[in-house]
Structures are given as C-alpha cells and as structure tokens.
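The values are calculated or read from the model by the stated rules, or taken from the named source; none is laboratory data. Since we're looking at a predicted model, the values are computed, not measured. As a convention, Cβ positions derive from the backbone with ideal geometry for all residues, glycine included, and neighbour counts pool all protein chains shown. For accessibility, only protein heavy atoms count, side chains too; no ligands or nucleic acids. Shrake-Rupley method; radii C 1.70, N 1.55, O 1.52, S 1.80 Å.
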Amino acid sequence: MFNVDLHSHSTFSDGTLTPGELVARAAQRGVALLALTDHDDTGGLEAARAAAAEHPIRLIDGVEISVTWHGQTLHVVGLGVDPSNAALQSGLAATRGGRVDRAGKIIAAFEALGITGSRDGAQQFASNPRLIGRTHFARFLVRQGVVKDIKTAFKRFLGGGQPCYVPHQWATLGAAVSWINGSGGTAVLAHPGRYPLDTAQMRALLAEFRDLGGTALEVVSGSHRPHHSAAFAAHARQFGFAASAGSDFHSPQESYHDLGSLPALPPGCVPVWERFSH
C-alpha cells in the first residue's frame, strides 16, 4: 500500500514537533507522501520542504482552515495550495486574528473559575503566538495537574457547552473553499465523523460543499472509527468526492494514530493523492 498522510500539524499551529521533526518522523515511519496542514497558517511549509529534500518523502503544501457552518465549527483542508497566493494569505490572516480574540475570552473564562496563569501557560506550548488554540490551553491544564489528559481537558473545560468554551465565527465554508481553489489547491472536508450532525444535516453539508467547489472527503482519519470510514466512503461515492486519508497528527503522545499507521481506504474509493503522486 502507498503510505500517505495528508493531515498533520507542526509547532506552527498546535503540534509539538517542528516542521523538520515532523517530516523526519514521517519518513522514518514509512510515509511516502505527507501534507503539512497547520491551522490557518502556512508558515511551516518552507522548513518542511527543506527537510523533505533530505528524506525519501514527498511533501504536499497544505493548510487547515477553520470554518463556521450553521453555527457548527468545521475544518477544511487545502492540499496542493500555493502559499504565496495573496487571497489565501489574506483570508488566513483574518482567521488568525479571530484566534487571538478567542484566546483572550478563554483566558477570562479560566480566571472566572479561579484558574490563573492560563495566558502564560498556554503561550509556553504555542511556538506561534498568532495561533494560540484550545489544545495549548488543554496542555496547560494537564501540566498543572487540573486534568489527567487532553481529552479530559476538552470534556470538562474546553469542549462545546463547557465553561471555557468560547464560540466563534470563523470563515464561511464558501470563503475557505474559494481561497483553496483560487490558490490551485484541492478542498477536502476534514474528519467529517467528528461533527455532531444528523443524517439530513450531513447530507446538506456535503451537497453544499460539493456545490461550492469542494472535491474530497477525509474518509480515513485519526479520529474516525471503522464505521465512520465505511459511511464516508459511501458518501464520497454518492456525492462524487475523492477520498483522502490523514492522521491529524499533533504529537507522539496525544494523537490517536501515529504518522504512517493509517488503515487503507475502503474499497471503491478514488484516492485524492492520485492528483499528487506522479
């Protein structure tokens, strides 16, 4: 099987490995085609490309864009984007600004609970000061002994409906797809099995994503169980999407799947990486 991983994160967003370390780990674990898809930022791609030149691995320039759709936060991965594209960079900059605003509100929520030091604590885990996210706050809570792990931090404090969850209006679905397509990339709906949508809502999302120019679904994901992959393989066939696979790797200690350990796509899928593997 051709070993691909088209969804991963570095210290330029909320991963714990530098771009170079990420590429080296992927190569060591047998990944042949890797996409670095940091949240709302392409700043790590240059270092990742330099590292890829030193290893038997091919790098795809990517990004993961935060989206609000009918009040629900979604993520759209862009594969094969042009990081020098002005419209893409303008959109990402605006989205990053929203992250700074949200971080301030999260800090205030922690203060209201009597949990102090979250600003400096989260910042210590954020190599990129423009991209302080919930995972950085979760790591702070683990280090302080407030919770035992990242999952519990989201369940008790940072997940939807919890006391430190701050809703935010991200980019529209149409804008994210437009930025990706306008830069020559391929728009992929990331980890669709994670979204709390019923069948009708999911079908509406997939139809709208397709009509806006989205062309692929992340069928195999680090956060998908086998029944998710089977269901979204069927959706991909029905809506005419290519199928992607990505671990959503953040850290050797935190991620559900390490780089290079993804299962194969279900039968009948058209792999999105056929567009990049030649």
key: Average accessible area per residue (Å²) across the chain - probe 1.4 Å, nucleic acids and ligands excluded   = 42 Å²
inquiry  = Shape verdict for region 166-278, please, from the Cα gyration tensor: rounded (a/c under 1.5), prolate (a/b greater than b/c) or oblate.
reply    = rounded
key: Distance in nm between pseudo-label sites at ASP101 and GLN201 (7 Å out along the Cβ direction from Cα)   = 2.3 nm
query = Direction-averaged shadow area of the convex hull around the Cα atoms of region 98-251, nm²?
reply = 10.0 nm²
ask   = Leaving out ligands, DNA and RNA but keeping every protein chain, what accessible area does PHE239 have, in Å² rounded to the nearest 10, with a 1.4 Å probe?
value = 20 Å²
ask   = Treating the beta-carbon of each Lys and Arg as +1 and of each Asp and Glu as -1, no other charges, what is the dipole magnitude of the chain about its Cα centre, to the nearest 20 debye?
value = 620 debye
ask   = Roughly how many percent of the accessible protein surface of the chain is carbon and sulfur, given a 1.4 Å probe and a whole-percent answer?
value = 52 percent
request  = Among DSSP beta bridges lying fully in the chain, give the percent that are antiparallel, nearest 5.
outcome  = 40 percent
Qualifying trypsin sites (Lys or Arg not before Pro) for region 127-182 [loop in DSSP, other Cβ within 10 Å: at most 10] = LYS148
task = Hey, for a label at HIS168 modelled as a point 7 Å past Cα toward Cβ, could you say which residues of region 100-122 have their backbone N under 12 Å away?
result = 100-107
inquiry  = If each DSSP helix of 4+ residues adds -39,500 (n - 2.57) and the sum is divided by the residues in the chain, what number results at 222 nm, nearest 500 deg cm²/dmol?
reply    = -11500 deg cm²/dmol
inquiry  = Running a GNM on the chain with Cα contacts under 10 Å, which residue among SER90, SER127, SER13 ends up with the highest mean-square fluctuation?
reply    = SER90
key: Approximate shape of region 1-72 as ellipsoid semi-axes (Cα gyration tensor, √5λ), whole Å, largest first   = 23, 14, 9
task = Would you tell me the accessible area of HIS70, worked out with a 1.4 angstrom probe on the heavy atoms of the protein chains, in Å² to the nearest 10?
result = 150 Å²
ask   = Considering only the other residues whose Cβ falls under 13 Å of the Cβ of VAL4, what net charge follows from Lys and Arg at +1 and Asp and Glu at -1?
value = 0
request  = Enter the accessible area of GLU21 (Å², nearest 10), with the probe set to 1.4 Å and all protein chains included.
outcome  = 90 Å²
remark   = Distance in nm between ALA53 and ASP211 label points, each 7 Å along Cα→Cβ, equals 4.6 nm
message = How far apart, in nanometres, would the label points at ASP258 and GLU46 be if each is projected 7 angstrom from Cα along the Cα-to-Cβ direction?
response = 3.2 nm
